[in-house]
1. If packing is taken as the average count of other Cβ atoms within 10 Å, what order do 339-345, 141-147, 303-309 fall into, highest mean first?
2. Per DSSP helix of 4 or more residues, -39500 (n - 2.57); summed, then divided by the residues of the chain. What does that give at 222 nm, rounded to the nearest 500?
3. What's the extension gain from residue 89 to residue 52 if we count 0.36 nm per residue and subtract their Cα-Cα distance?
4. Rank by packing, highest mean first: peptides 88-97, 204-213, with packing defined as the count of other Cβ atoms within 10 Å averaged across residues.
5. Quick one: 265, 131, fewest Cβ neighbours within 10 Å first, how do they rank?
6. Which value in Å is the Kirkwood Rh of the stretch 82-178 over different Cα pairs?
7. Need the full-extension length gain, residue 268 to residue 39, defined as separation in residues times 0.36 nm minus the C-alpha distance. One decimal, nm.
8. Fully extended, how many nm does the chain gain between residue 196 and residue 260 (0.36 nm per residue separation, minus their Cα-Cα distance)?
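Read-outs: derived from the displayed coordinates by stated rules, not from any lab. Owing to the predicted nature of the structure, the values given are computational and were not obtained by experimental measurement. Every residue, glycine among them, receives a Cβ derived from its backbone with ideal geometry; neighbour counts consider all protein chains shown.
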């Protein structure tokens, strides 16, 4: 009955249009009332505790780094770098979009920001070259969701705090799956783009490629510094966020000089608004998370799934199916905050590696960003590219299938995640 009350209150609040953060608080209050332990001080204290975490300081800094990266010209130079090396291939602009998405993912970790930057620059070029525009928009959306999987990732930070899992390990565990997602998109694009009669860009010589590399050199050094620093213990993920923001600010202001002092207020304001939304969600979710534990909901669900405990792969298939269904209706952060406290006790009881589960969990929620009916990233690319939402949905299906195949392979063969992770752990 407790599960019914939890779901009914949460879904009911969402159905009447309440913001997710308020729906989470309402759900917690309803559960407390049902259990006869309602106390407004508990609600307030849990919300304060939810935001009072040193680790969560990484979130505003990585969000700020992403805003500074786009405003300071780093994104544009990364795209020019990719064009110099693969733009001449048949379907080359699509490959450029994927390679640029992977590189930008290692800078900001924001699916929406990366997608908007890629769409604004590449969609006009792809349209002019004769590419199918809805399919191109679908490709860029599918490439944009790699951002929360390849570190640094705000999603991994939120999951790590909610699940009490090492964020450094999550960062390292996301590298290979993110690259596999990009590889799957390249293969799929090469198959579907054969139908387009497109103009290819002229092949650039090694001198031009050298110049493009030099122009993008400062941008390309950013992921090396951040990931290298985390891998070798030079700084923590929180300190990496500070380093990323400072580096993007320095490069944009001093090196590329595309970021003006007068623009900083707008950049800081956008980062602050995004941070406020994320942090309010995190603090609100702790209320329902505390009640989920107090109401023994994980054990109730665990009892339902107990017949699957001896078969981790089958259990993962069931849990990933649940995450996928929820992810189609909710944004990334609410999905993490709602399902993590429910599923993590089951994961630990079944002996599944929490880092492995966390990587697949985030991948799955990211796929939900390009899945109707909500599809947050689909909305972003539709608005930026000015392509009707219905046509973007048609264009994204081949790439959604590619992500699903990669996801299935990682569920069936955990070694694809664990072996590289063990190597990176050293």
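1. Numbers: 339-345: 20.7, 141-147: 31.0, 303-309: 13.7.
Ranked from most to least packed, the peptides come out as 141-147, 339-345, 303-309.
2. Numbers: 20 runs with 323 residues, N = 426.
-25000 deg cm²/dmol, from helical runs alone.
3. Working: separation 37, 0.36 × 37 = 13.32 nm, distance 5.00 nm.
Gain on stretching residue 89 to residue 52: 8.3 nm.
4. Numbers: 88-97: 21.3, 204-213: 13.6.
Those peptides, ordered most packed to least, come out 88-97, 204-213.
5. Numbers: 265 9, 131 23.
The most exposed by this proxy come first: 265, 131.
6. Details: mean 1/r = 0.0719 Å⁻¹.
After inverting the pairwise mean of 1/r, the radius is 13.9 Å.
7. On the way: separation 229, 0.36 × 229 = 82.44 nm, distance 3.69 nm.
Extra length from residue 268 to residue 39 when fully extended: 78.7 nm.
8. Working: separation 64, 0.36 × 64 = 23.04 nm, distance 4.04 nm.
Using 0.36 nm per residue and subtracting the Cα-Cα distance, I get 19.0 nm.
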